[in-house]
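Worksheet: the structure to be examined is printed underneath.
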Amino acid sequence: MRGRDRRPAASLLLRRTALILAVLAVAWAAGFGWFLGRILIPTDPPLPADGIVVLTGGAGRIKEAFHLLLSDAAPRLLISGVAPGTRLSDLARLASIPPERLVGRVVLGRSAATTDGNAREAAAWAHAHGLASLIVVTSFYHMPRALADFRATLPNVRLEPVSVPPPGPPPVWRPDLWRVVAGEYTHWLAAKAGLGFMIALWERGEPA
């Protein structure tokens, strides 16, 4: 009798587990659709600000930040998360910009290895220079989480987001980008759940 009693209980547990997993999968998929729609909306041209912060790690980010700087959207620029040994002249050459146009206006931040680290590095820079407004430049898929970290670290600083779209067709038609966007959505959910330490461990294991 005991063996027979265990079988229905085990079957009920499996059904309940399957139902919970199915509900979670549907909720994740619905949330991902909302997230995808949100990040595909282009950001408005930024208002002039006291400084620009660009987060390294995605194609086109630094070039966009240099463009904003040279168009006088802000007088100074912090490039956060620069790899050891990388020089301003290297970054300028990759963006096809004469380095002399950037000298004295660009700071290379080398202490950040995560998005939270980018926010803390930017906060230290903003406080050191008394900056009340910042233009934040990062990839379109990364902007929601970056803004969440920046707003938590710089609550009294006005933030102007500038999302950098990927080259080529829109991301919705790019299966090669879905994995990146899905991973970022999961990161964002973890940040909302207060699991920042897990995100930091994940980011430190990712290639720069």
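Quick one: is Val172 within 28 Å of Leu69 (Cβ to Cβ), among the hydrophobic types (A, V, I, L, M, F, W, C), surrounded by fewer than 19 Cβ atoms within 10 Å (Cβ to Cβ) and modelled with pLDDT under 90? Against the criterion (within 28 Å of Leu69 (Cβ to Cβ), among the hydrophobic types (A, V, I, L, M, F, W, C), surrounded by fewer than 19 Cβ atoms within 10 Å (Cβ to Cβ) and modelled with pLDDT under 90), Val172 does not qualify. Being touching an Asp or Glu at 6+ places or on another chain (Cβ under 8 Å), over 22 Å from Arg38 (Cβ atoms) and of a type outside the set (Val, Ile, Thr) is a property that Ala113 has. When Ile20, Ile52, Ile39 are checked against the criterion of being modelled with pLDDT of 95 or more and either loosely packed, with under 10 Cβ neighbours inside 10 Å or not polar (S, T, N, Q) (or both), Ile52 stands alone in meeting it.
In region 53-71, the residues that are on the phi > 0 side of the Ramachandran plot reach residues that are buried (at least 20 other Cβ atoms within 10 Å of the Cβ) with C-beta atoms within less than 6 angstrom, at least six apart or across chains, in these pairs: Gly60/Val164.
If you go through region 72-82 and keep only what is surrounded by 10 or more Cβ atoms within 10 Å (Cβ to Cβ) and over 14 Å from Val54 (Cβ atoms), you end up with just Pro75.
The values are calculated or read from the model by the stated rules, or taken from the named source; none is laboratory data. Not measured: the values here are computed from a predicted model. Methodologically, a virtual Cβ is constructed for each residue, glycine included, from the backbone with ideal geometry; neighbour enumeration extends over all protein chains shown.
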